[in-house]
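The values are calculated or read from the model by the stated rules, or taken from the named source; none is laboratory data. Everything numeric here is computed off the predicted structure, so don't read it as measured data. All Cβ positions, even for glycine, are placed from backbone atoms using ideal geometry, and neighbour counts span all protein chains on display.
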There are 2 protein chains.
Amino acid sequence: MFQTPGRSMYLSNRGNSIRQQQGILQEGFVQYARDQYDDAHNPDGILNVGTSENKLCYDLLHKRLTKPDMLHVDPALLQYSDWRGHLFLREEVAKFLTHYCCSPKPLKADNVVVMNGCGSLLSCIAAVICDPKDAILIPTPFYGAITEDLQLYSDVRLFHVPLDCEAGGKDSRLFNLTVEKLEESLKKAKQEGIIIRAVILINPHNPLAEVYTLKEMIGFLEFAKRYELHVIVDELYMLTVFDESVTFHSVLSADSLPDPQRTHVVWGLSKDFAMAGFRIGTLYTENSHLVEAVAQLGSFHGVSGTTQHQVAQLLRDREWINEEFLPENRCRLKAAHSYVTGELRSMGIPYLHWPATLFVWADLRKYIRESSFERELSLWRCFLRHKVLLSCGQAFSCSTPGWFRFVFANQDHHLKLGQCVTRTLHTLSGLTQLFRYLRESDKAAIVNSTSLPHSKSSEQPEEKDGPVLDTALASRELVLLDCQASNAAEGLDSLIGTLRHQIRSSDWLEKNTPELCAGENPEILDVFKALLQRASK
Amino acid sequence: MFQTPGRSMYLSNRGNSIRQQQGILQEGFVQYARDQYDDAHNPDGILNVGTSENKLCYDLLHKRLTKPDMLHVDPALLQYSDWRGHLFLREEVAKFLTHYCCSPKPLKADNVVVMNGCGSLLSCIAAVICDPKDAILIPTPFYGAITEDLQLYSDVRLFHVPLDCEAGGKDSRLFNLTVEKLEESLKKAKQEGIIIRAVILINPHNPLAEVYTLKEMIGFLEFAKRYELHVIVDELYMLTVFDESVTFHSVLSADSLPDPQRTHVVWGLSKDFAMAGFRIGTLYTENSHLVEAVAQLGSFHGVSGTTQHQVAQLLRDREWINEEFLPENRCRLKAAHSYVTGELRSMGIPYLHWPATLFVWADLRKYIRESSFERELSLWRCFLRHKVLLSCGQAFSCSTPGWFRFVFANQDHHLKLGQCVTRTLHTLSGLTQLFRYLRESDKAAIVNSTSLPHSKSSEQPEEKDGPVLDTALASRELVLLDCQASNAAEGLDSLIGTLRHQIRSSDWLEKNTPELCAGENPEILDVFKALLQRASK
């Protein structure tokens, strides 16, 4: 698995630190990039359930993007231009946001900056509102790449506002964001001598998929105003809400913003138009100083003039957007969401139910034996070894281990392959059951060799802190869950060795296998049978 | 004219400093952007002779870029991809460079990084080979935007290696770059406690247009190797050499590089393919550590997948490149170069004669009354007031004031408008002559009111340090040459006032005007006549 590269004599300290920076999301993507699943050419490749991309609407996009109006070249498009983006595009973005954000007044082209992606915009905004080592508040969990967006070039840190994964007390819902929590974290940062310049709010949220009400958002903006904090509002998924039970409200729809000079709204084509490869991010802010400063960095984040033309054509084609793309996209997203959440429910996996974004935030805590990020990472690696790339909570700085983000916006045949996940979890579930048996069996062997547990794991309370385990057994579990730390084959052999020992000293396992697996997925039975078969040899 | 913006309360110290950064090139471009010359819509707009763009081949590009193969979309192009650039494009760039750089062995796709422009590449390379405040050696003059490319994000400084504008001594030619000068500057930097990490070499040179021989380049690379300095070789104009008298040799054509792990070659589409608006820069380096580190910053500098496809199509179309674009482009460049250098010669303006790049480096020292950068800037502003945007030497950190870069790669009708330049210079020439007369006349008035000079300025030796001038007259000259410092109309009125006084006290000027202007451009006569007419009222 992935190794952090050693120090290079050719690079500066900064260069080495940049090269060695390896987030989990990135580590997974690098592996995925080397062995991508492809229906025809690489059916055993890695299935990407981790990267937030909408792969459901390629046909619609292909049809629109290959229309003749997309193939346009004029001299201005081939020449240097305004680093904020061509005026024709900024005008189109302003009109688009006015309409789809339901702005009470027409938004202005002069308040728009277009760059090659929202990461570039975040980097620039951070560079001009913060000095190096300053920090920005962000509720956790959050889309993990923001950490690098702010840090790599601009040397700006995030200060976390941890949200609790349990409801209760004042928290009406899981991961509940409140003004009190923002206040508390700001206070804590000040106590630690950290200068906080801004707060980042993501709505619809990544990875929670939660859609905040306008009232909630205004409350957060008022908090920011009280402390003269800038607010970066990430509305990247604003059009990706696919059920009428929920309505998204952009902060730009407010009659008036609490602090318009410090409110900066980021949107782009990557998610809502399923065009991450187009590299288009847009900023809307009334603060002309910020626009001017960000524009100075624009030469590093420019977009081809011809691409700018294509984006303008797309955004102005309201007929296509309203009558073809959006309804069909929502319909397909809804179906895919329904499929994946159905699978999760059938596995008894809790998740946050929001009909928005491209992913579901799910609680896999029962598949890790203790509440630690090491165990979470082991589970993530185990998925990857089973050719499934997921995103685990620590990649989003979640404060509690065991949460995973499942991207559902994949094509049907990919979703079927999503059964890989089910299989992995069932395998894990079966193995967990087996371990529990073996552990109990070992204990029982000491007390009474005939008293053996055979209840299903779901009927047993989760042992959070767990009893003191037999070291050999505990290490075996670690072997199977931590694919990086040891050679998996060796681990399996060692497990089989133990099984063999158990089988030779007792015939319980063989006799009770059918009962042990009654009502379980046949695949678990297969796992047991295969293990027994090898162990009996 | 342009005012540096005041401090903003919304921005950090860094943000304010970024916003306030205003190079001369940028100042000019901002004004040009507001009032661009357009044959049909704005014939009185600013003519851009300053920005290095090739505007001669739009018809060829339009024809190629609107062919059906350019309108291609596939899923991978719309999705996140390798931040070094799609493999298909890196392969094409490697093949392209292998061929056009005459590499003795096939160059490898793994050594290629594609980003949105060479400025982005320079920013990334600086970030990973330097720590903040480290410096990079660069001979002056040099393409001025490099200063911001290295500083804005990466906080890396340039340490200048000043080249002398006079030949003589060991210098066989003007602005002669030698290993000794590099050595000397490196030594000086070390004495000042500055850490030098690299040297930037530009070939063909911007703004000198000089083409270095491979032997010279290898000499510079060997110097860098001796001190373990990285070398960033900017070969942006490698295909823009339009006369067989000169052949460009890429460092990639060398049988072996002195220090391949520290040699990084930058090229792009902006100049050689006249497509600055496409935002395509390429890096070739054998140093995999550098590639990995730079790739980490790649998400900030990504290019749309569809644009990458178009670039690959263009680069692989050798028939179009070799049989249509390159020969026709060279032919047009040669004609345009010949026209502009002819104009310069006819005005007696010395320039460096190199049949390469898109510009000519010309010596306008005789049009500034004293060797100072303030005077150079005044002349630059005077051009701009005459609706001509040029680039002056200080924008390129030239060590001697009075040099200007003339971009000639403009369409024919633009070149005709290039006569604006001639007119400006002739006007200046005429006025200089007039000032000289007035000054001498003032002096003469004291000594002998009938002895008046009437020799042509070209026959008089240039007064570099000049005699002590009459204060009133000196300030008048400043008025006319420094359009920013005062109201030009007022200055003219004041000059006319003085003229009126001269005319009333003597009829010499009126009588001698035809003789004074004999053999001069009729436009100078017009200037004189107009002034006399207003002064006589």
Given the options A:D164, A:D131, name the one that is part of a loop (DSSP other than H, G, I, E, B) and in contact with an Asp or Glu (Cβ under 7 Å, 6 or more places away or on another chain).
A:D164
Within region B:36-73, considering residues that are free of Cβ contacts under 8 Å to residues at least 12 places away in the same chain and in a loop (DSSP other than H, G, I, E, B), the one farthest from the other protein chains (Cβ to nearest Cβ)
B:P43
Would you check which residues across region B:281-320 are under 18 Å from B:L107 (Cβ atoms), of a type in the set (A, V, I, L, M, F, W, C) and facing chain A (nearest Cβ under 8 Å) and list them?
B:L290
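Of the residues B:S17, B:S8, which is in a helix (DSSP H, G or I), free of Cβ contacts under 8 Å to residues at least 40 places away in the same chain and at the interface with another protein chain (Cβ under 10 Å from one of its Cβ atoms)?
Numbers: B:S8 fails: in a helix (DSSP H, G or I).
The unique qualifying residue is B:S17.
Regarding region B:238-245, can at least one residue be identified that is crowded, with 20+ Cβ neighbours inside 10 Å, within 27 Å of B:E92 (Cα to Cα), more than 24 Å from the chain's Cα centre (by Cα) and of a type in the set (V, I, T)? Can you show your working first?
Going through region B:238-245, the residues crowded, with 20+ Cβ neighbours inside 10 Å turn out to be B:238-242.
From what's left, within 27 Å of B:E92 (Cα to Cα): B:238-242.
Still in the list and also more than 24 Å from the chain's Cα centre (by Cα): none.
Among the residues of region B:238-245, not one is crowded, with 20+ Cβ neighbours inside 10 Å, within 27 Å of B:E92 (Cα to Cα), more than 24 Å from the chain's Cα centre (by Cα) and of a type in the set (V, I, T), which makes the answer no.
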Options A:A127, A:A167, A:A198, A:A209; residue that is touching a residue at least 24 places away in the same chain (Cβ under 8 Å) and either within 22 Å of the chain's Cα centre (by Cα) or farther than 28 Å from B:S299 by Cα (or both)
A:A209
How many residues of region B:74-97 are at the interface with chain A (Cβ under 10 Å from one of its Cβ atoms) and basic (K, R)? The answer is 0
Quickly run through region A:25-53 and pick out the residues that are modelled with pLDDT of 85 or more, of a type in the set (D, E, K, R) and more than 24 Å from A:L344 (Cα to Cα).
A:R34, A:D35
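Going through region A:161-175 one residue at a time, which ones are surrounded by 18 or more Cβ atoms within 10 Å (Cβ to Cβ) and at pLDDT 95 or above?
At the first step, the residues of region A:161-175 found to be surrounded by 18 or more Cβ atoms within 10 Å (Cβ to Cβ) are A:161, A:163, A:165, A:174-175.
Matches in region A:161-175: A:V161, A:L163, A:F175.
Quick check on B:I125: is it crowded, with 18+ Cβ neighbours inside 10 Å and in a strand (DSSP E or B)? Walk me through how you get there before you give the answer.
On the way: crowded, with 18+ Cβ neighbours inside 10 Å: yes; in a strand (DSSP E or B): no.
When the stated conditions are applied, B:I125 does not pass them.
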Scope region B:98-154; condition facing another protein chain (nearest Cβ under 8 Å) and hydrophobic (A, V, I, L, M, F, W, C); matching residues:
B:A127, B:V128, B:I129, B:C130, B:A145, B:L152
Test for A:Y100: is it surrounded by fewer than 24 Cβ atoms within 10 Å (Cβ to Cβ), among the aromatic types (F, W, Y) and farther than 18 Å from A:T263 by Cβ
no
Considering each of A:L11, A:L71, A:L89, A:L61 in turn, give the residue that is buried (at least 21 other Cβ atoms within 10 Å of the Cβ) and closer than 23 Å to A:A274 by Cα.
A:L89
Of the numbered conditions (1) surrounded by 16 or more Cβ atoms within 10 Å (Cβ to Cβ); (2) farther than 28 Å from A:D363 by Cα; (3) of a type outside the set (V, I, T); (4) more than 22 Å from the chain's Cα centre (by Cα), A:W267 fails exactly one; give the number of that condition.
(4)
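Go over the candidates B:L186, B:L214 one by one and state the one that is surrounded by 21 or more Cβ atoms within 10 Å (Cβ to Cβ) and touching a residue at least 12 places away in the same chain (Cβ under 8 Å).
Among B:L186, B:L214, only B:L186 is surrounded by 21 or more Cβ atoms within 10 Å (Cβ to Cβ) and touching a residue at least 12 places away in the same chain (Cβ under 8 Å).
In the list A:F248, A:F278, A:F242, A:F273, which residue meets the criterion of being more than 17 Å from A:V128 (Cβ to Cβ) and touching a Lys or Arg at 6+ places or on another chain (Cβ under 8 Å)? Give the derivation first.
Working: A:F248 fails: touching a Lys or Arg at 6+ places or on another chain (Cβ under 8 Å); A:F278 fails: touching a Lys or Arg at 6+ places or on another chain (Cβ under 8 Å); A:F273 fails: touching a Lys or Arg at 6+ places or on another chain (Cβ under 8 Å).
Among A:F248, A:F278, A:F242, A:F273, only A:F242 is more than 17 Å from A:V128 (Cβ to Cβ) and touching a Lys or Arg at 6+ places or on another chain (Cβ under 8 Å).
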